[in-house]
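Engineer: Quick one: structure below, then a few questions.
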Amino acid sequence: MDINKKEKEKEKEKDNKQYFFDNPKNTKWVMNIFYACCVLVVVLDFVINRHVYHSWENLPAFYPIYGFIGCVVLVVIARWMRTFLMRSEDYYDDENSLEKATDENAHQGANNQTENKKIGDHNVDA
Amino acid sequence: MWMLELPPFTLFFIGGLIAAMTSGKLRGAIMVAIPVISAMHLWTVPEGIHLQLTFLDYELVPYRADKLSLMFGYVFHIAAFISIIYSLHVKDTVQQVAAMLYAGSALGAVFAGDLLTLFVFWELLAFTSVFLIWARRTSRAYHAGMRYLIIQVLSGVILLVGALFYASETGSLSFEYIGLDSIAGWLIFIAFGIKCAFPFAHTWLTDAYPEATPTGTVLLSAFTTKVAVYALARAYPGTELLVYIGAAMTCFPIFFAVIENDLRRVLAYSLINQVGFMVVGIGIGTALAINGAIAHAFNDVIFKGLLFMSMGAVLHMTGRINGSDLGGLYKTMPKTTILCIVGAASISAFPLFSGFVSKSMVMSAALENGFDWIWLMLLFASAGVFHHAGIKIPYFAFFAHDSGLRASDPPRNMLFAMFIAASLCVAIGIYPAALYSLLPYDTGYNPYDATHVLAQTQLLLFSALAFVWLNLRNMYPPELRSTNLDVDWIYRRAIPNVLAKVFAVIWQADGAMRNAVRGKLSQCQSFIASKHKGLGGLLSGSYPSGNMVLWVAVLLASYLFLGFIG
C-alpha cells in the first residue's frame, strides 16, 4: 500500500510540475525575442547591400511583406475551403453503404462543423 | 570482380529472404548490416554499365551507374539504414520483409538502364510497399492500401504500354532522354506523373501514407516519389510543362495541409509540395536547376523521413496523431520535440539546415531563366511550407494547449534513427560542399551569400509572425476532427454514387422489362391454353378425363403385352 501511495504521489508531482511554457513569463520572453528578431531582419534589409536579381526585390522590405501577406492569404483561403470541403471524420468509413452516404453525411458534416467550432476554439490557444 | 556485377538490389532481396526466416536480434543485426555493406560497396562502384544482357531482340541493361543514379542510390541507402534502425523494435515479419524488398526495388529502379527493367521494379515498388500499409491491420488501411495498389499498378501498366510504343518507334528500350514528342513519350510521362503525385493524380499519396504503420510511412515517404523524380530527371529534363506542373504541386497542397487534422496527412501534403520544387527544377533543366532538384530530393528524403519519424514516434507512444487530440507533449517528449524541430527547420529551409542549400538552387534557377511568376509561386510555397510543416506540426503536436497526454520519449532505437537524420540535416546545412560534390554538374553555387540568407530569414520570420498574429486574433483555423474532400472524392464517392444510381435505374428498367415480358408471355400462354381448351393437345392448359382413361387403357394393354412376352 505504501509503495502505491508513494507512486501516486510521484505521479501527482509529475502532473503539478511546472514546465517551461506553463509560466506565462517564459512564453512572453520567447515571444519578445521573436519580435526582436523580426525587427532586426527588417532593419538589416536597409543596412546590408544586397544584389538584386529581380526588380520586385528593390521594393523596401519585399520579403517580409510578401511572407506575411502570403501566409495570411493562405490561411484565409484555407479557412474558406473548409466551408465546402469539410465532412465528418467517418465520412468515408462505411464505404459499402454508398447510397445513404451522400445526403446524410453532407448534413452531418455541416452539423459537426458548427459543433466542432465550439470545441475547436477551446483547443487553440495562442 | 563479381561484386561489381552484382546490382545493389540483390543484397536487399537476399536480406528480405533472410529476414523472413530469422527473428529477434539476429534479424535486426542482419537488417542493419545489409544497407551498411551495400553502401560501402556502392561507394566503390564506378560510373558505367555493369550488367548487360540480350532478351529477344533487345539489349537490356539491368545495372547502369552514373552520377544521377548513384546520387539516388546513396540516399536510398541512407534512408533504408535510418528507417531500419527506426523499426528495429517492430516484431512483425511482414513489415520487416516488405521494408527490405521495398528498399531493394527502389534501388533496382534507379539503376535500371532500360525501360523493361524499370517497369519490373516499378511494379515491385507497388507490390512490396503496399504491405507496409496493410500491416496496420485496420479496415481503413486495407481499403486505402487497395486503392494505392490499384493506382500504382495502373501507373506501371501505362509505363509498360509506353515502353512498348517506345520500342516500336525507336527500336531500343534503353532508358535515356525521352521527351514529349511521341505517344510513347506522353504515356511514359503520365506513368511517371502518377507516381510523382502530379496534381489530380496525387491522392493515392495523401490517402495511403497516413494509414500505414508508424514505421512504414517513413519508408514510403523515402522511396516511391523519389524514384519518380529520378525517372523524370533522366527522361524529361528541360520539359517546360514540368515547370508549371511543379509550381502547381508546390502551391495547392499547402492549403489542404493548413486545414488537415491528421498530422501525418499534413506531412503527406507537404511531401507533394517538396516534390513540386524538384519537378520545377527538372522542368527548368539547366545545370543549376537539375542539381537543385536532385540535391533537394536527397535532402527531402532525410528531413521528410525525420518529420515522419517524429510523428510516428508520437503515434507510437500516444496512439493518436490528430492535431485536435495532441498538444503539450514537449513536457514529456523533449528529445522528440527537439528532433522534430530540426526536421521542421530543414524542410522550411532555414539557413544552416539542409533544405536551404538545395531549395535555393531551384529558386535561383527559376529567376535566372525568367520564370518570374513561377518564382513568386515558389516563394509563396516556401512561406506556406514553413507555415504548415515548420510551425503547425511541432506546434500542434508538442505545444499548443495541453492535451493531458504524458507519453515519454520513444524507444532508444527510434530516437537514435531520428538523431542520425537530424545530424545529417544539420551537417548538410552547415557544410553543403560535401553534398554538392556528389551532384552531376559542377556549378560553383554558393547558397550562403548575405542576400540569400537575409531574404530567406525575412520570409520565414514574417511567415511565423503571420502565424502568431492569426493565432492571437483567433483567425487561425483550429484543428477539427474532420475529413477534407480531395480529388479522391471523385473515385471514392462521386463515381461509385453515380454508378450506384445508374445501376439502380438500369436494374429498375430491367426489372420492369422482365415483368412486362413475363406478363406478356403468361398472357400468351393462357391465350393458347384457352384456344386449345378441352382438345387434350400438347398446348392445352387442362386435359379432358377421356384422355386419362385412354392412357390408362394403353398402360394396362402394355402390361398385358409384357406379361405375355415374359
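Engineer: For the modelled label position 7 Å from the Cα of B:ILE495 along Cα-to-Cβ, which residues of region B:185-213 have backbone nitrogen atoms closer than 13 Å?
Structural biologist: B:201-204
Engineer: What relative contact order, as a whole-number percentage, does region B:263-394 give when Cα pairs under 8 Å and 6 or more residues apart are counted?
Structural biologist: Numbers: 150 pairs, mean separation 43.7, N = 132.
Once divided by the residue count of region B:263-394, the mean separation gives 33 percent.
Engineer: Let me ask something additional. May I ask for the angle, rounded to the nearest 10°, between helix B:93-110 and the longest principal axis of chain B, with both axes built from Cα atoms and the value confined to 0 to 90°?
Structural biologist: 70
Engineer: While we're looking at this one, here's another question. Using only helices, what value at 222 nm comes out for chain B when you add -39,500 (n - 2.57) per DSSP H run of length 4 or more and divide by the total residues, to the nearest 500 deg cm²/dmol?
Structural biologist: Values: 22 runs with 398 residues, N = 566.
Dividing the helical sum by the residues of chain B leaves -24000 deg cm²/dmol.
Engineer: Next question. In whole angstrom, how long is each semi-axis of the equivalent ellipsoid of region B:1-85, when you take the square root of 5 times every eigenvalue of its Cα gyration tensor and sort them from largest down? Mind dumping the intermediate values first?
Structural biologist: Working: eigenvalues 138, 51, 21 Å².
Whole-Å semi-axes of the equivalent ellipsoid: 26, 16, 10.
Engineer: In nm, to one decimal, how far is the modelled label at B:ILE183 from the one at B:PHE416, with both set 7 Å along Cα→Cβ?
Structural biologist: Output for this residue pair reads 5.5 nm.
Engineer: How far is helix B:115-134 tilted off the main Cα axis of chain B, in degrees rounded to 10, range 0 to 90?
Structural biologist: Tilt relative to chain B: about 80 degrees.
Engineer: Let me ask another. If packing is taken as the average number of other Cβ atoms within 10 Å across a peptide's residues, how do B:462-470, B:296-304 rank, most packed first? Show your work: numbers first, answer last.
Structural biologist: Numbers: B:462-470: 21.7, B:296-304: 26.2.
Result, highest mean Cβ count within 10 Å first: B:296-304, B:462-470.
Engineer: When the scattering of region B:429-556 is computed by the Debye formula from its Cα atoms alone, each counted once and equally, what is log10 I(q)/I(0) at q = 0.10, 0.14, 0.18 Å⁻¹?
Structural biologist: Taking Cα atoms of region B:429-556 as identical point scatterers yields -0.81, -0.95, -1.08.
Engineer: From a point 7 Å beyond the Cα of B:LEU164 in the direction of its Cβ, which residues of region B:175-218 have a backbone N at a distance under 18 Å?
Structural biologist: B:183-192
Engineer: Distance between Cα centroids, region B:121-140 to region B:5-57: provide it in whole Å.
Structural biologist: 21
Engineer: Report, to one decimal in Å, the Kirkwood hydrodynamic radius for the protein assembly as shown based on all distinct Cα pairs. Don't skip to the answer; put the middle values down first.
Structural biologist: Details: mean 1/r = 0.0357 Å⁻¹.
It is 28.0 Å.
Engineer: Rounded, prolate or oblate: which fits region B:359-469 when a ≥ b ≥ c are the square roots of the eigenvalues of the alpha-carbon gyration tensor, with rounded for a/c under 1.5 and prolate only if a/b beats b/c?
Structural biologist: Working: a/c = 2.87, a/b = 1.39, b/c = 2.07.
Here region B:359-469 falls in the oblate category.
Engineer: While we're on this one: For region B:222-267, compute Rg over Rh where Rg is the Cα radius of gyration and Rh is the Kirkwood radius from the inverse mean 1/r over Cα pairs. Write down the numbers at each step before the final one.
Structural biologist: Values: Rg = 13.4 Å, Rh = 12.3 Å.
With Rg and the Kirkwood Rh in hand, the quotient comes to 1.08.
Engineer: May I ask for the net charge around B:ILE85, where only other residues with Cβ less than 15 Å from the Cβ of B:ILE85 are counted and Lys, Arg are +1 while Asp, Glu are -1? Before the final figure, lay out each step's value.
Structural biologist: Values: positive: B:LYS25, B:ARG27, B:ARG412; negative: none.
Around B:ILE85, the charge tally is +3.
Engineer: Hey, got the average number of other protein chain Cβ atoms within 10 angstrom for residues in B:380-387?
Structural biologist: Across the residues of B:380-387, the mean count of other-chain Cβ atoms within 10 Å is 4.
Engineer: Using Cα pairs closer than 8 Å and at least 6 residues apart in sequence, work out the relative contact order for chain B, in percent. Before the final figure, lay out the partial values.
Structural biologist: Numbers: 925 pairs, mean separation 70.5, N = 566.
That works out to 12 percent.
Engineer: Give the accessible area for B:GLU240 in Å² (nearest 10); use a 1.4 Å probe, count only protein heavy atoms, and leave out ligands, DNA and RNA.
Structural biologist: Using a 1.4 Å probe on the heavy atoms, I get roughly 100 Å².
Engineer: Based on alpha-carbon centroids, what's the gap between region B:224-272 and region B:316-389 in Å, whole number please?
Structural biologist: Region B:224-272 and region B:316-389 have Cα centres spaced 14 Å from each other.
Engineer: Another question about this same structure. With labels modelled as points extended 7 Å from the Cα through the Cβ direction, what inter-label distance (nm, one decimal) is found for B:LYS533 paired with B:TRP507?
Structural biologist: So the two model labels end up 4.0 nm from each other.
Engineer: Something else now. Mind running the shape call on region B:121-163? Use the C-alpha gyration tensor, a ≥ b ≥ c as the square roots of the eigenvalues: rounded below 1.5 for a/c, prolate if a/b tops b/c, oblate otherwise. Display every interim value, and only then the final one.
Structural biologist: On the way: a/c = 6.40, a/b = 2.27, b/c = 2.82.
Cα axes put region B:121-163 in the oblate bin.
Engineer: Based on a Kirkwood Rh over C-alpha pairs, give the Stokes-Einstein translational diffusion coefficient of chain B at 4 °C and viscosity 1.567 mPa s in µm²/s.
Structural biologist: The diffusion coefficient I find is 50 µm²/s.
Engineer: Does anyone have the angle between helix B:139-170 and the longest principal axis of chain B? Alpha-carbon axes, 0 to 90°, nearest 10?
Structural biologist: So the helix axis and the longest Cα principal axis differ by about 80 degrees.
Engineer: Can you pull a Stokes-Einstein diffusion coefficient for region B:30-170 at 25 °C (0.890 mPa s), Rh from Kirkwood over Cα pairs, as a whole number of µm²/s? The partial results should precede the final answer.
Structural biologist: Values: Rh = 16.5 Å.
Rounded, D is 149 µm²/s.
The values are calculated or read from the model by the stated rules, or taken from the named source; none is laboratory data. In this text, all values refer to a predicted model and were calculated from it rather than measured experimentally. Cβ atoms come from the backbone with ideal geometry, glycine included; neighbour counts cover every protein chain shown. We work out accessible area using only protein heavy atoms, side chains counted, and drop any ligands, DNA or RNA first. Shrake-Rupley method; radii C 1.70, N 1.55, O 1.52, S 1.80 Å.
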